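Computed from the coordinates by the stated procedures, all read-outs in this text should not be read as laboratory data. Quick caveat: nothing in here was measured; it's all calculated off a predicted structure. Please note: Cβ atoms are built from the backbone with ideal geometry, for glycine as well, and neighbour counts cover all protein chains shown.
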Amino acid sequence: MTEKNQRLLQIPQGTEIIYLEEAFKHQQAVSQINNLFTSWGYLPVETPLFDFFDIYQELLSNKVKDVYRLVDREGDLLMLRSDITLFLAKQMGVMLSRADLPKRVYYSGAILRHQNREDISKNEFFQTGVELIGKSGADADLEVLTLLVKTFEALNVKPFVHIGSRDLINTLLSASPEDFTASVFKAVKNRDFPLLKDLLDGNVSSKKIPFLMQLMRFIGSSAEFRNMLKNQPYKPSEIEMEKIEHLLSLMDTLEKLGMEQYFRIDMSETGNQSYYTGIVFQGYLEGTDSAIVSGGRYDSLLEHFGFDTPSVGFSILLRKVEEHLGSRFTLPDNTRIKGKDFVSAFMEAEKIRKEGGIAIL
């Protein structure tokens, strides 16, 4: 192959080509998920591939370095779609009215973002997910969590979903300034507990610090979480207990539905975006290098675009999941029609196709 032909076949680092059997598998997985979302009353939305960067800059916070930016022909700074949730929030904020609520939507599409500094091959992702807009409370949270489980079942995968409560941590630190809380979240996310202890000392009541340290380390079942609370000398306030009970009530209901095996409480899970306000969760599959699903409640996100209403949802990086689907969604065997004139071959092939088979002329 000549050097010129080699260059013609190259694609930019971080992007990928999906073709033939692999593309078939991908499309079948997308179709299966979309059909599931539709059966739950969710309707599709399509977002633009790029938008004005300044609209989202505040929401990106420390994620600015991960987005791809470009200048259009008029000199405006744009960003490529790095998270469909953000672009969707703008669209919904502009087009929805109170009479439309609650609104259930789903999406599927490519995103581009720099996620792993050590691995430049992973910048292009395929994101699919749902948003339940205009509904607050436990029932809305549970709808999204149970739909997530049903999505896993449709794909025949079983991730572990770590669920926490940004609302609880915000309440426990309500007397602290916003920049201090952000530093706490960063330390917890990195599981840097010595730094967390240093941050809490002198900034939080000494009676609360041992509780916060144990809480932020906690990963386990709801029964273990209750036991941890029972053995704590610190007694949460009424509003703090309200946030705790909300999280536990979700776990109790999931257990009644036989779905508890997918979930564990993880109070170091504070959400990978600054706009989360309630429950937060991420899901992991054995063998993947990072979370394959993330989500939670973000009641103030649409307010940024002029429409104040609660929202909760999740998004799945589907290509990460497809690596674990095995033979699921593989191309069926095909029948090749031989030795006949075209009309006869066509008629025989049509019979096979009507029965759901594949026929090649």
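Below is a table of values for the structure above.
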| item | result |
| --- | --- |
| Three-way shape label, the stretch 134-174, alpha-carbon gyration tensor, a/c 1.5 | oblate |
| Average Cα contact separation per residue, the stretch 294-361, under 8 Å, 6 or more apart, as relative contact order % | 23 percent |
| Kirkwood Rh and Cα Rg combined as Rg over Rh, evaluated for the chain | 1.04 |
| Whole-number percent relative contact order across the chain, with pairs defined as alpha carbons under 8 Å at least 6 apart | 20 percent |
| LEU361/SER183 FRET efficiency (R0 51 Å; Cβ-Cβ; nearest 0.05) | 0.15 |
| Burial order of peptide ranges 201-214, 314-327, 78-91, 275-288 (average beta-carbon count within 10 Å, highest first) | 78-91, 275-288, 314-327, 201-214 |
| Convex hull (Cα only) mean projected area of the stretch 168-262, reported in nm² to one decimal | 6.4 nm² |
| Paramagnetic label zone (point 7 Å from Cα along Cα-to-C-beta, SER31; backbone N under 20 Å) in the stretch 338-360 | 349-360 |
| Separation in nanometres of the label points that stand 7 Å from Cα toward Cβ, at GLN57 and GLU21 | 4.9 nm |
| Projected label distance in nm at SER97 and ASN334, using a 7 Å step from Cα toward the beta-carbon | 5.1 nm |
| Partner lysines for LYS256 [C-alpha distance under 19 Å; skip if fewer than 8 residues away on the same chain] | LYS150, LYS158 |
| Contour excess over end-to-end distance, with Cα ends at LYS230 and THR288 and 0.36 nm allotted per residue | 17.4 nm |
| Calculated log₁₀ intensity ratio I(q)/I(0) where the Debye formula runs over C-alpha points of the stretch 244-324, q = 0.19, 0.23 Å⁻¹ | -0.97, -1.18 |
| Sites ASP139 and ILE352 - FRET efficiency at Förster radius 45 Å, r taken between beta-carbons, to 0.05 | 0.45 |
| Amide H contacts of PHE263 (H built 1.01 Å from N, under 5 Å, at least 5 apart or other chain) | VAL161 |
| Computed lengthening from VAL71 to GLU242, 0.36 nm per intervening residue step minus Cα-Cα distance | 56.8 nm |
| Most to least packed among 237-243, 328-334, 137-143 [average Cβ atoms within 10 Å] | 137-143, 237-243, 328-334 |
| Inter-part distance where the stretch 307-326 and the stretch 186-262 are each reduced to a Cα centre, Å | 25 Å |
